[in-house]
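Chemist: Provided herewith is a single structure, encoded as C-alpha cells, for subsequent inquiry.
Nothing in this text is a laboratory measurement; each read-out follows from the coordinates by a stated rule. What you are looking at is a predicted structure, and each value in this text was computed from that prediction instead of being measured. Cβ sites come from the backbone with ideal geometry, for glycine too, and all protein chains shown count toward neighbours.
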C-alpha cells in the first residue's frame, strides 16, 4: 500500500545541550516519509527552493520515497531555527522563514491519484482540506495540526477534522483544541467534532489512543458521539540521551501510519502495534541531529526496538 504525505520539506538550524547544527534537512513531510519508508511505499508532496540540492533529495530517494510531487521553485526553502537549551521537551522558536513555503499550493501528480493512504502533515487547514477533496478514494486519512492553526484558524480546521480517520496531536494541542484541561474530557470533545480516532502524543512519555464508535469502521461502543471505549496507552522507550527532539512527533506519525499501511486490514490489534512502531521511530529520530539517524536504520534494528518496548509494557 502507498502513502501520500503532504507537508513541509525544510531546513532546520538547531541548538540543544548536545551541540548545534545549521541548515540540516528537516520538515514534517521529510521526517514522516523517512520513518514510513521502512514499512511501505511513500509519496511526498511539498515545495523547495534553489538551495535544496540533489543530495538533499537523495536522502529521500535512497529510502525509496517517490519525490515526483516535490516542487522546485525559485527562492529559498522553508527554514526553521530553534533551541532546546531551556527545555528538551519544548522547542523555543528563534526564527521562522517560510520563504517558498509561504505560497505553497499542493499539486497532486496524476501518478499519485491511486494512493491508498493520505497523511496531512501540519500545514494550513485550507490546504489540507483541498488535498483531501482531491483524494476522495483513499482508504484512510490521518492528519496533524498545531496551536497556531487551532487558535487562529479554527473554522477552517473544523472542516478538516470532520474528514479524518485519525488525528495525531500532542497533549497541549488537544487541551487547546477542546478547551479542556482534562485529557479524557478533551478527547471526548474532540472525537465529537469528527475524527474517528484520536492519538495524543506525550513526548518522552508515549502516546494514548482514544476511540469512537466509528473507529475501525464498525460500532465498538454505545453508538453515542465521542469517546466510547477504553483508551490504549503505548509507552515510550527510555533513552540514555536525547540529542535532538526535532521531528520526533512526525517520525512517530510515519512509523504509526507506515505500519498501518503495510497490513492487509486495520484491526484494533494492528492499530495498537502501529502505535508501538510509531514510538520506535520517534525514539530513533531523537538520537542524532536532524534526519541522520532515520537514514541509517535497518528493519532488524526497528523490530528489535519494537520487541524492547513491547517487553517493558508487559506486567507479567
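Chemist: Grab the beta carbon distance between residue 300 and residue 267, set R0 = 25 Å, and tell me the FRET efficiency rounded to 0.05.
Modeler: On the way: r = 25 Å, r/R0 = 1.01.
That pair, residue 300 with residue 267, gives E of 0.50.
Chemist: If neighbour count is taken as other Cβ atoms inside 10 Å, put 312, 45 in order from fewest to most. Could you put the intermediate results ahead of the total?
Modeler: On the way: 312 10, 45 24.
Taking fewest neighbouring Cβ atoms as first place, the list is 312, 45.
Chemist: Just to confirm my numbers, what's the Cα centroid distance between the stretch 237-304 and the stretch 88-131 in Å?
Modeler: For the stretch 237-304 versus the stretch 88-131, the Cα centre distance is 20 Å.
Chemist: Would you mind estimating how fast the stretch 152-192 diffuses translationally, via Stokes-Einstein at 25 °C and 0.890 mPa s with the Kirkwood radius over Cα pairs, in µm²/s? Spell out each step's value before the answer.
Modeler: Numbers: Rh = 10.5 Å.
Taking Rh from Cα pairs, D becomes 233 µm²/s.
Chemist: Percent relative contact order of the chain, based on C-alpha pairs within less than 8 angstrom and at least six residues apart?
Modeler: On the way: 702 pairs, mean separation 54.3, N = 316.
The value is 17 percent.
Chemist: State, to one decimal in nm, how far the label point of residue 230 lies from the label point of residue 114, with both points 7 Å from Cα in the Cβ direction.
Modeler: With each label placed 7 Å out from Cα toward Cβ, I get 4.3 nm.
Chemist: Which distance in nm do the two modelled labels at residue 83 and residue 155 give, with both placed 7 Å along the Cα-to-Cβ direction?
Modeler: Placing both labels 7 Å beyond Cα along the Cβ direction yields 3.8 nm.
Chemist: Using alpha-carbon pairs under 8 Å, 6+ residues apart, how would you state the relative contact order of the stretch 1-101 in percent? Please report the intermediate quantities before stating the final value.
Modeler: Working: 227 pairs, mean separation 30.3, N = 101.
For the stretch 1-101, the relative contact order is 30 percent.
Chemist: Follow-up. Which order results if 5, 138 are arranged by neighbouring Cβ count within 10 Å, fewest first?
Modeler: Ascending number of Cβ neighbours within 10 Å: 138, 5.
Chemist: May I pose another question? I'd like to compare 16-28, 185-197, 98-110: which one has the highest average count of other Cβ atoms within 10 Å, and what's the full order after that? Don't jump to the answer; show the numbers that get you there.
Modeler: Numbers: 16-28: 18.1, 185-197: 20.3, 98-110: 15.1.
Descending packing order for the listed peptides: 185-197, 16-28, 98-110.
Chemist: Next up: Test of understanding: ordering 275, 135 by Cβ neighbours within 10 Å, fewest first, what list do you get?
Modeler: Numbers: 275 25, 135 19.
In order of increasing Cβ crowding within 10 Å: 135, 275.
Chemist: Sticking with this one: Given the Cα-Cα distance of residue 204 and residue 93 and 0.36 nm per residue of separation, how much length would full extension add, in nm? List each step's numbers first, then the result.
Modeler: Details: separation 111, 0.36 × 111 = 39.96 nm, distance 1.99 nm.
Between residue 204 and residue 93, full extension yields 38.0 nm more.
Chemist: Can you give me the relative contact order of the stretch 63-112 as a percent, contacts being Cα pairs under 8 Å and 6 or more apart? Numbers along the way, then the final one.
Modeler: Working: 45 pairs, mean separation 18.6, N = 50.
Once normalised by length, the contact order is 37 percent.
Chemist: I'm checking a number: the convex hull volume of the Cα atoms of the stretch 237-316, normalised per residue, in Å³. What is it? If you can, show how the numbers build up before the last one.
Modeler: Details: hull volume 7.6 nm³, N = 80.
Measuring per residue, one finds 95 Å³ for the Cα hull of the stretch 237-316.
Chemist: In nm, to one decimal, how far is the modelled label at residue 181 from the one at residue 239, with both set 7 Å along Cα→Cβ?
Modeler: Simple spin-label model gives 3.1 nm for this pair.
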